[in-house]
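Accompanying notes for the structure given below.
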Amino acid sequence: MKIEINNLSFSYKSPWTPPKTILNDITLRINPGEFLALAGPSGSGKTTLIQHLTGLLKPDRGRILVDSEDIWRTEKWTDLRRKIGLVFQFPETQLFEETVFDEIAFGLRRQKRLETEIEKRVRAALVSVGLDHDLVRRRSPFHLSEGEKRRVAIASVVALEPEVLVLDEPTVGLDAAGESAITSLLSEQSALKKSIIVVTHDMELIAKLARRVVVLKDGLVMYDGGTENLFNQREIVTLAGLDFPAALRIADKLRSLGFSLPTHPYTLAQLKQALAQEVPLKDRSKST
């Protein structure tokens with residue numbers, strides 16, 4: 001599924017204050033099967049932008065095209081919306097059923113799926129986010145931890161098997177096991193050629209999975225390009241108020257200790273590979 005955002009501008013309006021511009025002339029194209037990360041400081045417009053993709057917000061100017069159909073003009077909008085799954089930043093705004101099973105099954109029942117298929121999909125969705133189906137299926141989603149709520153919200157969208165997954169800060173509040181489960185899930189969904197759009201401050205997640213990063217600041221596109229290229233342009237990362245991945249920070253420290261690393265590793269796997277080929281500069285004279 002191809003998504004095009006053409007010259008999109010949006011302002012929040014209030015009867016008591018002047019309009020506040022959040023997005024200013026944003027143009028992006030998201031190709032089928034692409035893994036895109038949206039990064040930027042708080043208030044840069046990331047969440048506002050993804051809410052336009054599912055029609056939760058209507059642009060003041062510009063258009064959103066899904067497979068060349070303007071979502072505000074096509075009669076097929078209901079069908080298009082089913083193909084895009086959105087997970088909100090705050091999972092409690094997305095949960096409403098009495099049990100975890102019914103929460104995840106809700107959308108499937110709206111699609112009139114057979115109960116046998118619903119049972120199968122709910123179980124698979126819970127496993128995919130690292131939750132034990134038998135332990136949590138009868139629990140109230142409101143009695144879960146914040147991390148478990150987030151995973152249930154993600155599972156409820158994954159169970160619908162959308163063509164596009166849009167997730168707002170999916171790893172916030174998760175412990176190491178939960179973060180690992182969500183990272184694995186996103187990797188698996190990407191391997192299935194699903195389009196994935198992730199709003200995140202988690203630079204480790206971006207480094208591991210995203211092939212393209214769009215950095216927003218003050219409602220404008222500050223950067224749009226490859227992940228490695230972004231981390232090589234350190235001034236952009238700094239100006240956007242973002243962190244650097246742990247691998248880059250470790251590599252910088254090792255260079256200060258005399259290691260010469262030929263690349264700029266931004267994942268721990270890349271760093272490990274680079275270190276396997278290197279020795280400290282102070283030791284090289286001994287080996288010659």
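Of R212, R121, R151, R109, the sequence from fewest to most neighbouring Cβ atoms within 10 angstrom is R109, R212, R121, R151. The residue list G85, V136, S187 was ranked by how far each Cα lies along the charge dipole of the chain toward its positive end, using unit charges on Cβ atoms, and S187 comes out on top.
Mean residue ellipticity at 222 nm, helices only, the chain: -11000 deg cm²/dmol; runs of at least 4 DSSP H residues each add -39,500 (n - 2.57), and the sum is divided by the number of residues. Contact order for region 140-288, expressed relative to its length and based on alpha carbon pairs under 8 Å spaced 6+ residues apart, stands at 15 percent. What you get for region 68-169, charging only the Cβ of Lys and Arg (+1) and of Asp and Glu (-1), is a dipole of about 260 debye around the Cα centre. A convex hull fitted to the Cα coordinates of region 1-154 yields 157 cubic angstrom per residue. Taking the DSSP bridge list for the chain and keeping only pairs wholly inside it, about 55 percent are antiparallel. Take every pair of alpha-carbon atoms less than 8 Å apart whose residues are at least six positions apart; their mean separation over the length of the chain yields a relative contact order of 21 percent.
With θ taken as phi - 60° and the Karplus curve 6.51 cos²θ - 1.76 cosθ + 1.60 applied, the whole-hertz 3J(HN,Hα) list for region 104-117 is 6, 6, 3, x, 5, 5, 5, 7, 6, 6, 5, 4, 5, 5 Hz, x standing for glycine and proline. Charge dipole of the chain (Cα centre as origin; +1 on each Lys and Arg Cβ, -1 on each Asp and Glu Cβ, all else neutral): 420 debye, rounded to the nearest 20.
Highest mean packing comes first when the peptides 32-38, 15-21, 89-95, 270-276 are listed by Cβ atoms within 10 Å, giving 32-38, 89-95, 270-276, 15-21.
Model label sites at E69 and T116, defined 7 Å from Cα along the beta-carbon direction, differ in position by 3.1 nm. Taking each residue as 0.36 nm, the span from S11 to W77 lengthens on full extension beyond its C-alpha to C-alpha distance by 21.4 nm. Straight-line cross-link partners of K193 among the lysines, defined as a Cα under 27 Å from its Cα and at least 8 positions apart when in the same chain: K2, K46, K76, K83, K112, K120, K149, K208.
Neighbours of S68 by Cβ distance under 9 Å: Lys/Arg scored +1, Asp/Glu scored -1, total -3. Using the Cβ-Cβ distance between K272 and K193 with R0 set to 30 Å, the FRET efficiency from 1/(1 + (r/R0)^6) comes to roughly 0.55. Shape of the chain from the C-alpha gyration tensor: oblate (a/c of 1.5 or more and a/b not above b/c, with a ≥ b ≥ c the square roots of its eigenvalues).
On full extension, the segment bounded by R139 and S184 gains 13.7 nm, given 0.36 nm per residue less the C-alpha separation.
Expressed as a fraction of 2.2 N^0.38 Å, the C-alpha radius of gyration for region 72-168 is 1.06.
Bear in mind that the values in this text are calculations on the coordinates, not laboratory data. Since this is a predicted model, take the numbers as computed values, not measurements. Here the Cβ is made from the backbone with ideal geometry for all residues, glycine too, and neighbour counts use every protein chain on show.
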